[in-house]
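A short write-up of the structure that comes next.
The values are calculated or read from the model by the stated rules, or taken from the named source; none is laboratory data. Just so it is clear, the structure is predicted and the values come from calculations on it, not from any experiment. Heads up, the Cβs are rebuilt from the backbone with ideal geometry, glycines too, and the neighbour counts pull from every protein chain shown.
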Ligand code: PLP
């Protein structure tokens, strides 16, 4: 019979996927399910980006490219880092992969040996711990609850570092919490890292352009040049330019690391898609003004969802600084009983109830390593969000 390799046997199918499957099945049965689970913008890829892809096809750019990115795309990324982050990476300090996910995978596969520890604050994007495990490493999860703004603190970081620590993974703004690190939040963490020269820092800046109010996005390489010989700055076009399906992510970091990551890539995908790379050049070099309009549109939806959730007795939603997720506490729902006589024991029970009763699909905090919470992705229409909130409030009202 079939026997999976041990490197994947501890990795289950994600809860997000399972909920998606159930919600999809209910929809096909004709139930009016609203899915607030998707991790992608509801906007389309802008026309000038699509046009650049089409032109690349017509020029015959349909062959393998340079292993870790075309010279044109690397130049555009160098410009981006300089323009937006004040960082001066050389072309050999930049790598391009098939999504930021592959960049993370390349980085872990290239550096993590069996038993090496990787510090991941929770709640975290599920793939972090799974990728670390596939690479043979040991995820070291640190709970960062709402009282710390879902952010890692210097004390907790210091306490988690051991001689086996290889990396710390930080994500700002965060999927799933929407929490972001300002310069003053990063500073104490960077001071800790300065004292531990064997620990490397990977920062995932995927949601850089989706920030609200007066929050000022910063990235550690910009704040602490003394850490630059062990910092990998990861970013991508998926969320900013609504390009999730094009599969292009990139990073800037020390030359030796970038070279080692290319070795992994050379034996997995050979190179990112040629057409998608041409499109990404247009995304990074083209007009950037629509990013602000899109962020404003997300902000209206954030405000709607946060207000709607906080109006419900028993829910507690922190105002996120960025990304398009809310991560609400649902401790007040635990112990309550559904109209069918089921007791809500966990956040997963609460989310199952919302799907059954309100036909609204959301993801429990357990999927992101922190309970009792649930994540809403508000990258959907305001009309659908309003309807979902009305239904969630009604379903919560039916609990006793
Ligand atoms: N990092 C974070 C925090 C994400 O939420 C996601 C996608 O959900 C990714 C990285 C992966 O993005 P990509 O589409 O570039 O692989």
**OP:** Tell me which of these residue 264 doesn't satisfy, since it passes every other one: (1) surrounded by fewer than 23 Cβ atoms within 10 Å (Cβ to Cβ); (2) within 20 Å of the chain's Cα centre (by Cα); (3) within 16 Å of the ligand (Cβ to nearest atom).
**Re:** (2)
Original post:
Of everything in region 193-215 that's assigned to a strand (DSSP E or B) and within 16 Å of the ligand (Cβ to nearest atom), which residue is farthest from residue 175 (Cα to Cα)?
Top reply: 201
**OP:** Report, by residue number, each residue of region 216-244 that is within 16 Å of the ligand (Cβ to nearest atom), farther than 21 Å from residue 287 by Cβ and not in a loop (DSSP other than H, G, I, E, B).
**Re:** 220, 232, 233, 234
**OP:** Answer yes or no: is there a residue in region 247-256 that is out of contact with any strand residue (DSSP E or B) (no Cβ under 7 Å at 6 or more places or on another chain) and either at positive phi or in a strand (DSSP E or B) (or both).
**Re:** yes
Original post:
Any residue in region 154-165 that is surrounded by 17 or more Cβ atoms within 10 Å (Cβ to Cβ), modelled with pLDDT of 95 or more and within 16 Å of the ligand (Cβ to nearest atom)?
Top reply: no
Subject >> Every residue from region 77-112 that is more than 16 Å from the ligand (Cβ to nearest atom), in contact with a helix residue (DSSP H, G or I) (Cβ under 8 Å, 6 or more places away or on another chain) and assigned to a helix (DSSP H, G or I) >> reply: 78, 79, 85, 91, 92, 93, 110, 111
Subject >> Wholly within region 1-64, helices (runs of 4 or more DSSP H) carrying at least 3 residues that are in contact with a helix residue (DSSP H, G or I) (Cβ under 7 Å, 6 or more places away or on another chain), closer than 30 Å to residue 359 by Cα and not assigned by TED's automatic domain parsing to the domain that holds residue 357 >> reply: none
**OP:** Would you be able to tell me the number of residues in region 273-296 that are free of Cβ contacts under 8 Å to residues at least 40 places away in the same chain and assigned to a helix (DSSP H, G or I)?
**Re:** 4
Subject >> Any chance residue 115 is outside the structural domain of residue 366 (by TED's automatic domain parsing), away from the ligand (no atom under 16 Å from the Cβ), modelled with pLDDT under 95 and over 30 Å from residue 347 (Cβ atoms) >> reply: yes
Original post:
Any idea which residue in region 173-192 is farthest from the ligand (Cβ to nearest atom), counting only those that are farther than 28 Å from residue 237 by Cβ and touching a helix residue (DSSP H, G or I) at 6+ places or on another chain (Cβ under 9 Å)?
Top reply: 191
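Whether any residue in region 57-64 is buried (at least 20 other Cβ atoms within 10 Å of the Cβ) and either touching a residue at least 12 places away in the same chain (Cβ under 8 Å) or within 16 Å of the ligand (Cβ to nearest atom) (or both) is what I want to check.
Within region 57-64 (the criterion being buried (at least 20 other Cβ atoms within 10 Å of the Cβ) and either touching a residue at least 12 places away in the same chain (Cβ under 8 Å) or within 16 Å of the ligand (Cβ to nearest atom) (or both)), the answer is no, since none of the residues qualifies.
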Original post:
Is it true that residue 168 is within 16 Å of the ligand (Cβ to nearest atom), closer than 16 Å to residue 194 by Cα and not in a loop (DSSP other than H, G, I, E, B)?
Top reply: yes
Subject >> Selected residue (only one of 139, 188 is over 27 Å from residue 297 (Cβ atoms) and part of a helix (DSSP H, G or I)) >> reply: 188
